[in-house]
1. Quick one: angle between helix 205-216 and the longest Cα principal axis of the chain, in degrees between 0 and 90, rounded to 10, please.
2. Step through the table entries 126/204; 101/186; 87/204; 126/148; 101/204, compare each Cα-Cα distance with 29 Å, and write down the pairs that go over it.
3. So what is the relative contact order of the chain, in percent, for Cα pairs below 8 Å that sit 6 or more residues apart?
4. Can you put 284, 179 in order of Cβ neighbours within 10 angstrom, beginning with the fewest?
5. Whole number please: convex hull volume per residue of the Cα set in the range 1-123, in Å³?
6. Which longest run of the chain has no exposed loop site in it, a site being trypsin sites (Lys or Arg not before Pro) in a DSSP loop with at most 13 other beta carbons within 10 Å, and the site itself not part of the run?
7. Given the Cα atoms of the chain, and with Rh set as the inverse mean 1/r over their pairs in the Kirkwood sense, what is Rg to Rh to two decimals?
8. Using Stokes-Einstein with the Kirkwood hydrodynamic radius over Cα pairs, what translational diffusion coefficient do you get for the range 162-272 at 25 °C and a viscosity of 0.890 mPa s, in µm²/s rounded to a whole number?
Amino acid sequence: MRDFSQDHRWLSINTATVRRQAGAEVPLDRIIDQCAERGIRAISPWRDQVAAAGLDKVAAQLRAHGIGLSGYCRGGFYPAPDAAGLKAALEDNRRAIDEAKMLDAPCLVLVVGGLPGALAGNPAYKDIGRARTEVFDGIAASLEYARKVDMPLAIEPLHPMQAADRACINTLEQALDICDALDPQKSGMLGVALDVYHVWWDPKLEQQIARAGKERLLAYHVCDWLTPTRDLLNDRGMMGDGAIELRKIRGWVEAAGYAGYSEVEIFSAQDWWLRGGEETLAACIERHRSVV
């Protein structure tokens, strides 16, 4: 396993981690500057942040600082109540693929979606089997375009608590089953984004990470699971502050062939988003060296 204790060259910051600082929204250009000032070599930005800053401007700023991407957030949300909605989802994912290509991302992360309308509290239907079928068909269609422009897609399985509203693919095994069905040759164009917050509890995790192998492990996200958890979406912990065996999981991931960034992705409305960006980034660097 790689030794992270001496530097943070394999640290990436998902910009959600510092998009709010001292309780206020921070523009993406400032986040990029903050990372550059601290020698952080990679980020993973969100599409709304990129849109607000301007795609061309973000690409130029990243090049100027020599900062790469560990992923691009996000595509997905395929299920819809009707044909028009399904078509709109495919068109939006095509735009996301193009943006990821423009930013030279190694992959587009897919949060696949759940029951359409559930995020707003009014699901259009309750058939999760239908949602999973629409996800499968949507990924198949997106993959066809992604192959043309050479942009890998990374399915991110989400914790079962978010099956209804954000992602009906909830285990690494489910995600890999889709990969094997749509990309049996393991071309490198379809894989997974493994977020420890969502998968740490899975009794099959070690086995499925080995199954994924180097060809399928396209992104690796870290944070921690706090106990007690005050909010199931926005109360992630800084690495080392919770229940996840981070070193053990990274050992499994690297034994399977992954040699990329450990991307810190923390949603923390009651803690880290209330602190300054300097403090949060300093903690990310220190914990990357000491516990990741």
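Just so it is clear, none of the values below were taken in a lab; they were calculated from the coordinates. Keep in mind it's a predicted model, so treat the numbers as computed, not measured. Note that each Cβ is placed from the backbone with ideal geometry, even for glycine, and that neighbours are counted across all protein chains shown.
1. Approximately 90 degrees, to the nearest 10.
2. Flagged as over cut-off: 87/204; 126/148; 101/204.
3. 21
4. Result, fewest neighbours first: 179, 284.
5. Values: hull volume 17.5 nm³, N = 123.
It comes to 143 Å³ per residue, whole-number rounded.
6. The answer is 10-125.
7. That ratio equals 0.94.
8. D = 168 µm²/s.
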